[in-house]
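Q: Here you go, one structure.
The values are calculated or read from the model by the stated rules, or taken from the named source; none is laboratory data. All of these numbers come straight from a predicted model, not from anything done at the bench. Here the Cβ positions follow ideal geometry from the backbone for every residue, glycine too, while neighbour counts run over all protein chains shown. These area figures cover heavy atoms from the full protein model, side chains too; ligands, DNA and RNA do not enter into them. Shrake-Rupley method; radii C 1.70, N 1.55, O 1.52, S 1.80 Å.
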Amino acid sequence: MAAKRLEQFQSQAKNIFQQAELDRSTSELTWSGKRKFRIVSKIPENKSGDICSFYLAPHDGGSLPPFSPGQFLTFELQIPGQAKPVVRCYSLSNSPANLKTYRVSIKRIPPPPDASINLPAGLSSGFFHSSLNEGDVVDVLAPSGQFVLNLRSERPVVLIAGGVGLTPILSMLKWLSDKNSHRETWIFYAVRNGEDIAFRDEIRKIITQHDNFHAVFAYSRPTEECVEGVDFDCAGFVTTDLLKQYLNSSNYEFYICGPPPMMEMLTAQLSDWGVPDEDINFEAFGPASVKKTQHVSSEQDTGDKELTVEFARSGKSVTWTAANGTILDLAEENGVTINCGCRAGNCGTCATAVKSGNVSYVAKSASTPAQGTALVCIARPEGDLVLDA
(Lines give C-alpha, C1' and ligand atoms only; values in the text may rest on other atoms or scores of the structure.)
Protein backbone atom coordinates (compact mmCIF):
# COMPACT_ATOMS: atom_id res chain seq x y z
CA MET A 1 0.00 0.00 0.00
CA ALA A 2 2.81 2.40 0.93
CA ALA A 3 4.62 1.59 -2.33
CA LYS A 4 1.46 2.36 -4.32
CA ARG A 5 0.98 5.70 -2.56
CA LEU A 6 4.61 6.56 -3.24
CA GLU A 7 4.16 5.72 -6.94
CA GLN A 8 1.04 7.90 -7.10
CA PHE A 9 2.85 10.79 -5.41
CA GLN A 10 5.80 10.50 -7.80
CA SER A 11 3.47 10.41 -10.81
CA GLN A 12 1.55 13.48 -9.61
CA ALA A 13 4.80 15.32 -8.94
CA LYS A 14 5.96 14.48 -12.46
CA ASN A 15 2.70 15.83 -13.91
CA ILE A 16 3.03 19.08 -11.96
CA PHE A 17 6.63 19.48 -13.14
CA GLN A 18 5.66 18.82 -16.77
CA GLN A 19 2.85 21.38 -16.56
CA ALA A 20 5.19 23.96 -15.02
CA GLU A 21 7.77 23.36 -17.77
CA LEU A 22 5.08 23.70 -20.44
CA ASP A 23 3.81 26.94 -18.91
CA ARG A 24 7.36 28.34 -18.62
CA SER A 25 8.29 27.49 -22.21
CA THR A 26 5.01 28.89 -23.52
CA SER A 27 5.46 32.13 -21.60
CA GLU A 28 9.04 32.59 -22.81
CA LEU A 29 8.45 31.79 -26.47
CA THR A 30 4.93 33.02 -27.23
CA TRP A 31 4.29 36.10 -29.41
CA SER A 32 1.86 39.01 -29.54
CA GLY A 33 -0.28 39.80 -32.55
CA LYS A 34 0.35 38.15 -35.92
CA ARG A 35 3.36 36.04 -36.82
CA LYS A 36 4.14 34.71 -40.28
CA PHE A 37 4.32 30.95 -40.77
CA ARG A 38 5.40 29.00 -43.84
CA ILE A 39 3.53 25.89 -44.95
CA VAL A 40 6.26 23.26 -45.09
CA SER A 41 4.02 20.30 -45.87
CA LYS A 42 0.46 19.66 -47.05
CA ILE A 43 -0.81 16.08 -46.67
CA PRO A 44 -4.26 14.56 -47.44
CA GLU A 45 -5.47 12.49 -44.49
CA ASN A 46 -8.48 10.47 -45.72
CA LYS A 47 -9.74 8.66 -48.81
CA SER A 48 -12.28 11.30 -49.78
CA GLY A 49 -9.55 13.95 -49.67
CA ASP A 50 -11.65 16.44 -47.73
CA ILE A 51 -9.32 16.45 -44.70
CA CYS A 52 -5.82 17.81 -45.18
CA SER A 53 -3.01 18.48 -42.71
CA PHE A 54 -0.89 21.62 -42.96
CA TYR A 55 2.49 21.64 -41.22
CA LEU A 56 3.62 25.15 -40.26
CA ALA A 57 7.06 26.53 -39.36
CA PRO A 58 7.91 30.10 -38.29
CA HIS A 59 8.92 32.13 -41.34
CA ASP A 60 11.44 34.01 -39.18
CA GLY A 61 13.22 30.76 -38.28
CA GLY A 62 12.56 31.34 -34.57
CA SER A 63 11.49 28.87 -31.92
CA LEU A 64 8.01 27.45 -31.49
CA PRO A 65 6.25 27.87 -28.15
CA PRO A 66 4.52 24.72 -26.94
CA PHE A 67 0.78 24.71 -26.35
CA SER A 68 -1.70 22.90 -24.15
CA PRO A 69 -3.14 19.77 -25.81
CA GLY A 70 -6.50 20.79 -27.27
CA GLN A 71 -5.70 24.41 -28.14
CA PHE A 72 -6.11 26.06 -31.54
CA LEU A 73 -4.39 28.52 -33.85
CA THR A 74 -6.15 31.62 -35.17
CA PHE A 75 -5.44 32.50 -38.82
CA GLU A 76 -5.89 35.88 -40.51
CA LEU A 77 -6.32 34.96 -44.17
CA GLN A 78 -5.98 37.26 -47.17
CA ILE A 79 -8.58 35.68 -49.45
CA PRO A 80 -9.02 37.17 -52.93
CA GLY A 81 -12.37 38.87 -53.34
CA GLN A 82 -12.82 39.54 -49.64
CA ALA A 83 -12.81 43.17 -48.54
CA LYS A 84 -11.24 42.32 -45.18
CA PRO A 85 -9.01 39.55 -43.85
CA VAL A 86 -10.96 36.41 -42.93
CA VAL A 87 -10.29 35.17 -39.39
CA ARG A 88 -10.70 31.48 -38.59
CA CYS A 89 -9.60 29.13 -35.80
CA TYR A 90 -8.32 25.58 -36.35
CA SER A 91 -7.29 23.12 -33.65
CA LEU A 92 -3.74 21.86 -33.44
CA SER A 93 -3.64 18.14 -34.16
CA ASN A 94 -0.12 17.29 -33.03
CA SER A 95 1.45 17.01 -29.58
CA PRO A 96 3.20 19.95 -27.89
CA ALA A 97 6.07 17.63 -27.01
CA ASN A 98 9.23 17.78 -29.17
CA LEU A 99 7.81 20.44 -31.47
CA LYS A 100 9.38 21.13 -34.85
CA THR A 101 6.23 22.33 -36.60
CA TYR A 102 2.62 23.05 -35.78
CA ARG A 103 0.02 20.86 -37.48
CA VAL A 104 -3.57 21.81 -38.22
CA SER A 105 -5.86 19.36 -40.01
CA ILE A 106 -8.67 21.06 -41.88
CA LYS A 107 -11.82 19.65 -43.43
CA ARG A 108 -13.09 21.24 -46.62
CA ILE A 109 -16.66 22.28 -45.84
CA PRO A 110 -18.99 21.65 -48.83
CA PRO A 111 -22.19 23.58 -49.61
CA PRO A 112 -25.30 22.33 -47.75
CA PRO A 113 -26.79 19.22 -49.42
CA ASP A 114 -30.22 20.90 -49.38
CA ALA A 115 -30.41 22.65 -52.75
CA SER A 116 -33.08 25.02 -51.40
CA ILE A 117 -30.49 26.60 -49.08
CA ASN A 118 -28.31 28.91 -51.12
CA LEU A 119 -25.12 28.85 -49.07
CA PRO A 120 -21.57 28.60 -50.41
CA ALA A 121 -18.90 26.09 -49.47
CA GLY A 122 -16.66 26.90 -46.52
CA LEU A 123 -14.72 30.04 -47.43
CA SER A 124 -11.59 29.52 -45.36
CA SER A 125 -11.45 25.73 -45.59
CA GLY A 126 -11.81 25.94 -49.36
CA PHE A 127 -9.03 28.53 -49.48
CA PHE A 128 -6.70 26.25 -47.50
CA HIS A 129 -7.45 23.23 -49.70
CA SER A 130 -7.53 24.88 -53.11
CA SER A 131 -5.23 27.88 -52.87
CA LEU A 132 -2.58 27.30 -50.21
CA ASN A 133 0.39 25.06 -50.93
CA GLU A 134 3.85 24.25 -49.61
CA GLY A 135 5.96 27.40 -49.43
CA ASP A 136 3.04 29.77 -48.95
CA VAL A 137 3.04 32.08 -45.92
CA VAL A 138 0.09 32.75 -43.61
CA ASP A 139 -0.50 35.08 -40.64
CA VAL A 140 -1.06 33.24 -37.36
CA LEU A 141 -1.91 34.27 -33.81
CA ALA A 142 -0.42 32.37 -30.87
CA PRO A 143 -2.10 29.16 -29.62
CA SER A 144 -5.08 29.73 -27.35
CA GLY A 145 -8.25 28.07 -26.09
CA GLN A 146 -9.54 26.52 -22.87
CA PHE A 147 -10.61 23.10 -24.15
CA VAL A 148 -7.43 21.50 -22.87
CA LEU A 149 -6.37 18.27 -21.23
CA ASN A 150 -5.87 18.45 -17.46
CA LEU A 151 -2.17 17.67 -17.35
CA ARG A 152 -2.03 17.55 -13.55
CA SER A 153 -4.62 14.80 -13.25
CA GLU A 154 -3.91 11.09 -12.84
CA ARG A 155 -7.53 10.04 -13.31
CA PRO A 156 -8.59 7.80 -16.21
CA VAL A 157 -9.64 9.73 -19.30
CA VAL A 158 -12.10 9.18 -22.15
CA LEU A 159 -11.53 11.07 -25.41
CA ILE A 160 -14.54 11.18 -27.76
CA ALA A 161 -14.32 12.54 -31.30
CA GLY A 162 -16.80 12.89 -34.13
CA GLY A 163 -15.56 13.60 -37.65
CA VAL A 164 -12.95 16.36 -37.86
CA GLY A 165 -13.59 17.05 -34.17
CA LEU A 166 -10.80 14.51 -33.81
CA THR A 167 -8.12 17.18 -34.15
CA PRO A 168 -7.91 18.50 -30.55
CA ILE A 169 -8.68 15.00 -29.23
CA LEU A 170 -5.76 13.58 -31.21
CA SER A 171 -3.48 16.25 -29.75
CA MET A 172 -4.47 15.10 -26.26
CA LEU A 173 -3.90 11.44 -27.12
CA LYS A 174 -0.49 12.13 -28.63
CA TRP A 175 0.61 14.15 -25.60
CA LEU A 176 -0.40 11.34 -23.23
CA SER A 177 1.56 8.93 -25.41
CA ASP A 178 4.62 11.17 -25.69
CA LYS A 179 4.73 11.53 -21.91
CA ASN A 180 4.22 7.78 -21.41
CA SER A 181 1.21 8.49 -19.21
CA HIS A 182 0.03 5.76 -16.84
CA ARG A 183 -3.57 7.04 -17.00
CA GLU A 184 -6.14 4.60 -18.34
CA THR A 185 -6.99 6.20 -21.68
CA TRP A 186 -9.82 5.47 -24.11
CA ILE A 187 -10.47 7.13 -27.44
CA PHE A 188 -13.84 6.68 -29.17
CA TYR A 189 -13.81 7.98 -32.74
CA ALA A 190 -17.00 8.18 -34.83
CA VAL A 191 -17.25 8.80 -38.57
CA ARG A 192 -19.63 7.76 -41.33
CA ASN A 193 -17.38 5.15 -42.98
CA GLY A 194 -13.96 4.39 -44.38
CA GLU A 195 -14.11 7.31 -46.82
CA ASP A 196 -14.21 9.79 -43.95
CA ILE A 197 -11.90 8.34 -41.32
CA ALA A 198 -8.55 10.07 -40.80
CA PHE A 199 -5.47 9.22 -38.73
CA ARG A 200 -6.63 5.64 -38.04
CA ASP A 201 -3.15 4.21 -38.54
CA GLU A 202 -1.62 6.95 -36.41
CA ILE A 203 -4.07 6.21 -33.59
CA ARG A 204 -3.59 2.46 -33.82
CA LYS A 205 0.19 2.86 -33.67
CA ILE A 206 -0.16 4.88 -30.46
CA ILE A 207 -2.53 2.35 -28.92
CA THR A 208 -0.22 -0.62 -29.57
CA GLN A 209 2.60 1.16 -27.71
CA HIS A 210 0.69 1.41 -24.41
CA ASP A 211 -1.11 -1.33 -22.51
CA ASN A 212 -3.30 1.29 -20.79
CA PHE A 213 -4.47 2.89 -24.07
CA HIS A 214 -7.58 1.68 -25.94
CA ALA A 215 -9.35 2.76 -29.14
CA VAL A 216 -12.88 2.15 -30.45
CA PHE A 217 -13.81 3.15 -34.01
CA ALA A 218 -17.53 3.55 -34.78
CA TYR A 219 -19.00 3.82 -38.29
CA SER A 220 -22.53 5.26 -38.52
CA ARG A 221 -22.96 4.35 -42.22
CA PRO A 222 -20.53 1.56 -43.10
CA THR A 223 -20.37 0.65 -46.78
CA GLU A 224 -20.06 -2.87 -48.19
CA GLU A 225 -16.29 -2.34 -48.38
CA CYS A 226 -16.05 -1.60 -44.63
CA VAL A 227 -15.19 -4.74 -42.66
CA GLU A 228 -16.33 -4.79 -39.03
CA GLY A 229 -13.54 -5.98 -36.75
CA VAL A 230 -10.93 -4.91 -39.28
CA ASP A 231 -11.73 -1.38 -40.43
CA PHE A 232 -13.97 -0.46 -37.50
CA ASP A 233 -15.16 -1.90 -34.20
CA CYS A 234 -18.90 -1.24 -34.16
CA ALA A 235 -21.69 0.22 -36.28
CA GLY A 236 -23.71 3.17 -35.05
CA PHE A 237 -23.04 6.27 -33.01
CA VAL A 238 -21.06 6.91 -29.85
CA THR A 239 -23.61 6.95 -27.01
CA THR A 240 -23.40 6.14 -23.33
CA ASP A 241 -24.83 2.70 -24.17
CA LEU A 242 -21.73 2.10 -26.28
CA LEU A 243 -19.44 3.55 -23.60
CA LYS A 244 -20.92 1.20 -21.00
CA GLN A 245 -19.92 -1.78 -23.15
CA TYR A 246 -16.26 -0.84 -22.68
CA LEU A 247 -16.05 1.16 -19.46
CA ASN A 248 -16.50 -0.37 -16.01
CA SER A 249 -17.90 2.85 -14.55
CA SER A 250 -18.53 6.52 -15.28
CA ASN A 251 -15.58 7.60 -13.12
CA TYR A 252 -13.56 9.19 -15.93
CA GLU A 253 -12.69 12.64 -17.17
CA PHE A 254 -14.50 13.04 -20.51
CA TYR A 255 -13.34 15.23 -23.40
CA ILE A 256 -15.73 15.55 -26.37
CA CYS A 257 -15.38 17.28 -29.73
CA GLY A 258 -17.63 16.72 -32.72
CA PRO A 259 -20.78 17.93 -34.49
CA PRO A 260 -23.14 19.93 -32.23
CA PRO A 261 -25.93 17.27 -32.18
CA MET A 262 -23.42 14.63 -31.06
CA MET A 263 -22.01 16.82 -28.29
CA GLU A 264 -25.45 17.89 -27.09
CA MET A 265 -26.65 14.29 -26.93
CA LEU A 266 -23.53 13.01 -25.16
CA THR A 267 -23.31 15.77 -22.58
CA ALA A 268 -26.93 15.12 -21.61
CA GLN A 269 -26.44 11.34 -21.52
CA LEU A 270 -23.26 11.60 -19.44
CA SER A 271 -25.07 13.81 -16.93
CA ASP A 272 -27.87 11.24 -16.72
CA TRP A 273 -25.19 8.58 -16.13
CA GLY A 274 -24.06 10.52 -13.08
CA VAL A 275 -20.93 12.15 -14.49
CA PRO A 276 -20.33 15.49 -12.69
CA ASP A 277 -20.36 18.59 -14.88
CA GLU A 278 -16.71 19.32 -14.05
CA ASP A 279 -15.74 15.98 -15.63
CA ILE A 280 -17.53 16.74 -18.92
CA ASN A 281 -15.34 18.90 -21.15
CA PHE A 282 -16.25 19.81 -24.72
CA GLU A 283 -15.24 22.04 -27.59
CA ALA A 284 -18.14 24.18 -28.79
CA PHE A 285 -18.01 25.66 -32.29
CA GLY A 286 -20.61 28.32 -31.57
CA PRO A 287 -22.79 29.66 -28.77
CA ALA A 288 -25.73 27.47 -29.76
CA SER A 289 -23.71 24.29 -30.25
CA VAL A 290 -24.37 22.68 -26.89
CA LYS A 291 -27.30 23.49 -24.65
CA LYS A 292 -25.30 22.47 -21.60
CA THR A 293 -23.51 25.83 -21.95
CA GLN A 294 -24.91 28.08 -19.25
CA HIS A 295 -25.36 31.82 -18.92
CA VAL A 296 -22.37 33.37 -17.24
CA SER A 297 -22.34 36.52 -15.08
CA SER A 298 -25.97 37.27 -15.85
CA GLU A 299 -27.65 38.85 -12.85
CA GLN A 300 -30.60 40.23 -14.77
CA ASP A 301 -33.16 38.16 -16.65
CA THR A 302 -33.91 39.90 -19.92
CA GLY A 303 -36.87 37.59 -20.51
CA ASP A 304 -39.17 38.98 -23.22
CA LYS A 305 -37.92 42.53 -22.81
CA GLU A 306 -37.20 44.71 -25.81
CA LEU A 307 -33.83 46.42 -25.39
CA THR A 308 -32.15 49.08 -27.48
CA VAL A 309 -28.71 48.39 -28.92
CA GLU A 310 -26.97 51.32 -30.56
CA PHE A 311 -24.07 50.74 -32.96
CA ALA A 312 -22.53 54.18 -32.60
CA ARG A 313 -20.04 54.26 -35.49
CA SER A 314 -22.58 52.73 -37.90
CA GLY A 315 -25.25 55.20 -36.83
CA LYS A 316 -27.81 52.46 -36.22
CA SER A 317 -30.07 51.97 -33.21
CA VAL A 318 -32.01 48.69 -33.23
CA THR A 319 -34.24 46.64 -30.95
CA TRP A 320 -32.99 43.41 -29.39
CA THR A 321 -35.09 40.59 -27.96
CA ALA A 322 -34.03 37.12 -26.87
CA ALA A 323 -35.11 35.82 -30.28
CA ASN A 324 -32.29 37.83 -31.89
CA GLY A 325 -29.63 35.69 -30.20
CA THR A 326 -26.23 37.24 -29.64
CA ILE A 327 -25.20 40.83 -30.26
CA LEU A 328 -23.16 39.62 -33.24
CA ASP A 329 -26.28 37.98 -34.69
CA LEU A 330 -28.16 41.24 -34.19
CA ALA A 331 -25.39 43.25 -35.84
CA GLU A 332 -25.28 40.99 -38.89
CA GLU A 333 -29.07 41.07 -39.23
CA ASN A 334 -28.91 44.85 -39.41
CA GLY A 335 -25.96 45.26 -41.76
CA VAL A 336 -23.40 46.18 -39.11
CA THR A 337 -20.01 44.60 -39.81
CA ILE A 338 -18.04 43.30 -36.83
CA ASN A 339 -14.99 41.14 -37.46
CA CYS A 340 -15.33 37.66 -36.04
CA GLY A 341 -13.58 34.30 -36.22
CA CYS A 342 -14.61 31.37 -34.07
CA ARG A 343 -18.09 32.60 -33.05
CA ALA A 344 -17.56 30.77 -29.75
CA GLY A 345 -15.77 33.34 -27.61
CA ASN A 346 -12.38 31.79 -28.18
CA CYS A 347 -10.34 33.89 -30.59
CA GLY A 348 -11.19 37.39 -29.33
CA THR A 349 -11.56 38.79 -32.86
CA CYS A 350 -15.04 40.19 -32.18
CA ALA A 351 -14.02 42.17 -29.05
CA THR A 352 -15.92 45.46 -29.25
CA ALA A 353 -15.75 48.52 -27.00
CA VAL A 354 -18.81 49.07 -24.80
CA LYS A 355 -19.59 52.81 -24.54
CA SER A 356 -22.46 52.33 -22.10
CA GLY A 357 -24.47 49.45 -20.68
CA ASN A 358 -23.63 45.90 -19.69
CA VAL A 359 -23.65 42.46 -21.30
CA SER A 360 -23.94 38.87 -20.13
CA TYR A 361 -22.43 35.82 -21.80
CA VAL A 362 -24.21 32.73 -23.10
CA ALA A 363 -20.99 30.69 -22.98
CA LYS A 364 -17.66 30.74 -21.19
CA SER A 365 -14.97 32.44 -23.22
CA ALA A 366 -11.44 31.12 -23.73
CA SER A 367 -9.98 34.39 -22.51
CA THR A 368 -11.13 37.41 -20.55
CA PRO A 369 -11.84 40.41 -22.79
CA ALA A 370 -10.15 43.70 -21.96
CA GLN A 371 -12.02 45.89 -19.53
CA GLY A 372 -14.64 47.97 -21.31
CA THR A 373 -14.99 45.53 -24.21
CA ALA A 374 -17.32 42.63 -24.95
CA LEU A 375 -17.01 39.44 -26.99
CA VAL A 376 -20.16 40.09 -28.99
CA CYS A 377 -20.27 36.62 -30.59
CA ILE A 378 -21.35 35.13 -27.23
CA ALA A 379 -22.84 38.22 -25.57
CA ARG A 380 -26.33 39.57 -25.12
CA PRO A 381 -27.38 42.91 -23.65
CA GLU A 382 -28.53 43.14 -20.04
CA GLY A 383 -30.16 46.50 -20.72
CA ASP A 384 -29.95 49.31 -23.25
CA LEU A 385 -26.48 49.18 -24.79
CA VAL A 386 -24.20 51.43 -26.85
CA LEU A 387 -21.30 49.81 -28.74
CA ASP A 388 -18.43 51.35 -30.67
CA ALA A 389 -19.29 49.51 -33.86
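Q: Any idea how many residues of the range 302-313 are open to solvent by 30 Å² or more (accessible area, probe 1.4 Å) and either part of a helix (DSSP H, G or I) or within 17 Å of residue 363 (Cα to Cα) (or both)?
A: 0
Q: Among the strands (runs of 3 or more DSSP E) contained in the range 314-389, which hold 1 or more residues that are open to solvent by less than 60 Å² (accessible area, probe 1.4 Å), within 22 Å of residue 77 (Cβ to Cβ) and touching a residue at least 24 places away in the same chain (Cβ under 8 Å)?
A: 351-356, 373-375
Q: Right, another one. Name the single residue, out of those in the range 140-166 being part of a helix (DSSP H, G or I) and open to solvent by less than 10 Å² (accessible area, probe 1.4 Å), that is farthest from residue 344 (Cα to Cα). Write out each step before concluding.
A: Step one: filter the range 140-166 for residues part of a helix (DSSP H, G or I), giving 163-166.
Remaining after also requiring open to solvent by less than 10 Å² (accessible area, probe 1.4 Å): 165-166.
Numbers: 165: 15, 166: 18 Å.
Applying the filter and picking the extreme gives 166.
Q: Output the number of the condition that residue 258 fails; it satisfies all remaining conditions of (1) within 28 Å of residue 359 (Cβ to Cβ); (2) open to solvent by less than 50 Å² (accessible area, probe 1.4 Å); (3) at pLDDT below 95.
A: (1)
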